[in-house]
Structure formats: C-alpha cells, structure tokens
Amino acid sequence: MKILYKPFAIIAAIVGAKLGQSVFKGLWAKLDGAEPPKPTTAGASLANVVLAAALEAATTAGVAAAVDRATVRVFHYLTGVWPGKQEEE
C-alpha cells in the first residue's frame, strides 16, 4: 500500500517547490522591492546575495515540508496506512 503513496509524494514535491518559490518572492518583495540578486548580479552586495540565498532556502524547505506533511496526513486519512516510518510504541 505504501507504493501507492509515491505518486502523491511526487506531486506534493512539485507543488511544494512552486509554492515555496512564490512565498520567497513575496517575502523578498516586502524586504527589498527589487528582484532577488543572484551571485553573478553586478552591483549586488554580498550581504544581499547571502540573505536572498538563505531566505530562499529556508522558505522553500519550510513550505515543502509543510506540503509533504499535509500530503502524508491526507493519504493516511484516506487509506488508513501511514506511508513513512512510525515510532515504536
């Protein structure tokens, strides 16, 4: 039954990544107003480049984890099977 979870996990990963990028762009727009700088952007300070990269990684990972967890809980609700590791009682 756990093999049936794989398609859900793939879709959740794609949705989580897209949603995470959207959240990051919204947060960066509130912080700076301009496009987030890439490491190769001329004129961008080191602090802005590092802050943008760290914020992007944190928001993308956090949103992806939330979407993955919600997907696991919905799968468990629908099938009664927990697709991941369970703690021993």
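The values are calculated or read from the model by the stated rules, or taken from the named source; none is laboratory data. These numbers come from a predicted model, not from an experiment. Neighbour counts run over all protein chains shown; Cβ positions are idealised from the backbone, glycine included.
From the residues in region 31-60 that are surrounded by 13 or more Cβ atoms within 10 Å (Cβ to Cβ) and small (Gly, Ala, Ser), which one is modelled with the lowest pLDDT?
Per the criteria, the residue is Ala44.
Quick check: anything in region 31-45 outside any helix (DSSP H, G or I) and under 23 Å from Leu78 (Cβ atoms)? Walk me through how you get there before you give the answer.
The first filter runs over region 31-45 and keeps only residues outside any helix (DSSP H, G or I), leaving 32-45.
Narrowing the set further to residues that are under 23 Å from Leu78 (Cβ atoms) leaves none.
No: zero hits.
For region 1-8, state whether one or more residues are within 30 Å of Val81 (Cβ to Cβ), surrounded by 11 or more Cβ atoms within 10 Å (Cβ to Cβ), more than 17 Å from the chain's Cα centre (by Cα) and among the basic types (Lys, Arg).
Within region 1-8, the first condition is being within 30 Å of Val81 (Cβ to Cβ), and the residues that meet it are 1-8.
Narrowing further to those that are surrounded by 11 or more Cβ atoms within 10 Å (Cβ to Cβ): 2, 4-5, 8.
Next cut, more than 17 Å from the chain's Cα centre (by Cα) only: 2, 4-5.
Next, only the ones that are among the basic types (Lys, Arg) stay: 2.
Looking for residues that are within 30 Å of Val81 (Cβ to Cβ), surrounded by 11 or more Cβ atoms within 10 Å (Cβ to Cβ), more than 17 Å from the chain's Cα centre (by Cα) and among the basic types (Lys, Arg), one finds at least one in region 1-8, hence yes.
Glu56 versus (1) in a helix (DSSP H, G or I); (2) over 19 Å from the mean Cα position of the chain (by Cα); (3) of a type in the set (Asp, Glu): which is the lone unmet condition?
Unmet condition: (2).
Would you be able to say whether some residue in region 81-88 is surrounded by 12 or more Cβ atoms within 10 Å (Cβ to Cβ), in contact (Cβ under 8 Å) with a residue 60 or more places away in the chain and touching a Lys or Arg at 6+ places or on another chain (Cβ under 6 Å)? Walk me through it before giving the result.
So in region 81-88, the residues surrounded by 12 or more Cβ atoms within 10 Å (Cβ to Cβ) come out as 82-84.
Those left that are additionally in contact (Cβ under 8 Å) with a residue 60 or more places away in the chain: 83.
Narrowing further to those that are touching a Lys or Arg at 6+ places or on another chain (Cβ under 6 Å): 83.
Yes - at least one qualifying residue is present in region 81-88.
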